[in-house]
Amino acid sequence: MEISLRRAARMLVEAEKIVITAHIHPDGDSLGSMLALHAPLAACGKKVTLLLDDEVPDVYRFLPGADLIRRPQGEVAADLLVILDASDADRIVGVGEAVKAKTLNIDHHISNTKFADYWYIDSQAAATGEIILDLLHLLKLEISKDMAVNLFTAIATDCGFFRYANTSSSTLRHAADLIDRGAQPHVIAEQLETKPLASIMTLRSVLDSLEIHAGGRIAAVTVDIDTGENGAESTEGYINYPRNIEGVEIAVMFKPVDDSATRVSFRSRRCDVSRLALAFGGGGHARASGCTVNSALAGAKEQILRAAERLLAEAGL
Ligand code: AMP
Ligand code: MN
Ligand code: MN
């Protein structure tokens, strides 16, 4: 059932045992939103647990409270499961199975499948973090510096530090509010930009894999590396290289998972790549989306590139 943000706030007030989760392959928005919502609810004396079906990537370990995030183990009884920044049930499978509770989905993906018992979706919001800030204000909760750092990171990472098409005046007003509460953009940016040497070495092989298709309108890279024991290294930034090439309309990043699965990310300048991701069972936003294709790299490439060319033709680009 679709509900107002006020009603979502009321559900949080009424619940005693709350589990908060977000999508697998976590990013700044999903993690920052989880952590910012956790702190004040826990401070009110509620029993609040942060569960995620994945590891926290090293680059986000600086977020205040990041070490509170756990993987689900066995059944968890709760009054309410809050699902943040996730557009479909496939992205929270383990937690969804473990937690027996009614579900409340707060999200900003245009591709949201409305899978929860209750949902509040604002596809105009640049990040789920914007919605969480509004929610905290509605609840008249104090926003600490740590919460501001989490929410600023959530918002800034989802809009490319206020450069992408989803950046609105409202996005900047939310960010300004968070700076007033102690978030320091230059400190957060430095945390996100400082990488281990291995990540820059990986960049060499990623750039080596660059392919250009459709007369220069599609560029693709492949990240074919072992991303560590738990896959916790973030590979988010690599897609910006094909994305930034002059004349490229659609950028694609392939990440082989195993012999039967390849993860794919899309970025676009003008066309709606959420449609492309949806066609392969994924989702996302008009200019940033992703999916997992059920085939090995070579097969996935062929299917995806063909579909991307079709999308360009349909869009008249
Ligand atoms: P990424 O390329 O992983 O940074 O994802 C870009 C956008 O697409 C983000 O908003 C993701 O939440 C969304 N997205 C990525 N993969 C999927 C998927 N398999 N299903 C639904 N949405 C996805
Ligand atoms: Mn996200
Ligand atoms: Mn998001």
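The values are calculated or read from the model by the stated rules, or taken from the named source; none is laboratory data. Treat the numbers as computed from the prediction; the structure is a model and nothing was measured. Glycine gets a Cβ as well: all are built from the backbone with ideal geometry, and neighbour counts include every protein chain shown.
What to note about this one:
- Residue identified as assigned to a helix (DSSP H, G or I), modelled with pLDDT of 95 or more and away from ligand 2 (no atom under 14 Å from the Cβ) among Ala39, Ala78: Ala39
- Of Phe280, Phe266, Phe254, all but one fail to be of a type in the set (A, V, I, L, M, F, W, C), in contact (Cβ under 8 Å) with a residue 24 or more places away in the chain and within 16 Å of ligand 3 (Cβ to nearest atom); the exception is Phe266.
- Note on region 33-56: among residues that are more than 13 Å from Leu81 (Cα to Cα) and in contact with a helix residue (DSSP H, G or I) (Cβ under 8 Å, 6 or more places away or on another chain), the one that is surrounded by the fewest Cβ atoms within 10 Å (Cβ to Cβ) is Pro40.
- Val93 vs. criteria surrounded by fewer than 18 Cβ atoms within 10 Å (Cβ to Cβ), of a type outside the set (D, E, K, R) and within 23 Å of Thr235 (Cα to Cα): yes
- Residue count for region 117-140, restricted to those that are closer than 25 Å to Ala77 by Cβ and surrounded by fewer than 24 Cβ atoms within 10 Å (Cβ to Cβ): 6
- Checking Ala279 against (1) of a type in the set (A, V, I, L, M); (2) out of contact with any Ser or Thr (no Cβ under 7 Å at 6 or more places or on another chain); (3) modelled with pLDDT of 95 or more; (4) over 20 Å from His23 (Cβ atoms), the condition it does not meet: (4)
- Positions within region 30-53 being within 16 Å of ligand 3 (Cβ to nearest atom) and either touching a residue at least 60 places away in the same chain (Cβ under 8 Å) or under 19 Å from Phe152 (Cα atoms) (or both), in sequence order: Ser30, Leu31, Gly32, Ser33, Met34, Leu35, Ala36, Leu37
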